[in-house]
1. What number, in percent, do you get for the relative contact order of the chain if the mean sequence gap of Cα pairs under 8 Å and at least 6 apart is divided by its residue count?
2. Measuring with a 1.4 Å probe in the full set of protein chains, what accessible area per residue, in whole Å², belongs to region 37-115?
3. For the chain, what is the charge dipole size about the Cα centre, in debye to the nearest 20, if Lys and Arg each add +1 at the Cβ and Asp and Glu each add -1 at the Cβ?
4. In whole percent, and with a 1.4 Å probe on the protein chains, what portion of the accessible area of the chain is carbon and sulfur?
5. Which of VAL12, GLY26, GLY54 sits farthest toward the positive end of the charge dipole of region 1-58, with +1 on the Cβ of Lys and Arg and -1 on the Cβ of Asp and Glu?
6. Quick check: pseudo-label points 7 Å beyond the Cα along Cα→Cβ at LEU74 and GLN3, how many nm apart are they?
7. So what is Rg over Rh here for region 20-115, counting just Cα atoms and using Kirkwood for Rh?
Amino acid sequence: QVQLVVSGGGLVQAGESLRLSCAASGINFRAYTSAWYRQTPGRERALISPIDNGGHTDYADSVKGRFTISRDNLRGSVYLQMNGLKSEDTAIYYCNRHPVPFTNWGQGTQVTVPS
């Protein structure tokens, strides 16, 4: 059974940083492109950054230059370093496979940046 456990969220002030971690189990992690997504109330869950199994990355324009995705295939983990946080980054953050996510999204982690 696929499990995706995300941690590292919290309440921070604008301009501060957070590092999110995602631990995957029940899958052959190395075989997949992983990605970070985020969702705000009333909106669709949005892709913000994928990383393939060779370490190639991409970023949504809204986070480019501020966020950095990385992965550790041995640990089955993916990370998101978020610098220069803004109020518009407030959301629940999830990790999952990309481009076809697993149906089990897990709990995600809340990131709150007050305006």
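The values are calculated or read from the model by the stated rules, or taken from the named source; none is laboratory data. All of these numbers come straight from a predicted model, not from anything done at the bench. So basically every Cβ, Gly included, is an ideal-geometry build from the backbone, and we count neighbours across all protein chains shown. Side chains included, ligands, DNA and RNA excluded: accessible areas come from the protein's heavy atoms. Shrake-Rupley method; radii C 1.70, N 1.55, O 1.52, S 1.80 Å.
1. Over the chain, the number comes to 37 percent.
2. Spelled out: the 1.4 Å probe surface of region 37-115, per residue, equals 54 Å².
3. 160 debye
4. The value for the chain is 47 percent carbon and sulfur by accessible area.
5. Towards the positive end, the residue furthest out is GLY26.
6. 2.2 nm
7. Dividing the radius of gyration by the Kirkwood radius yields 0.94.
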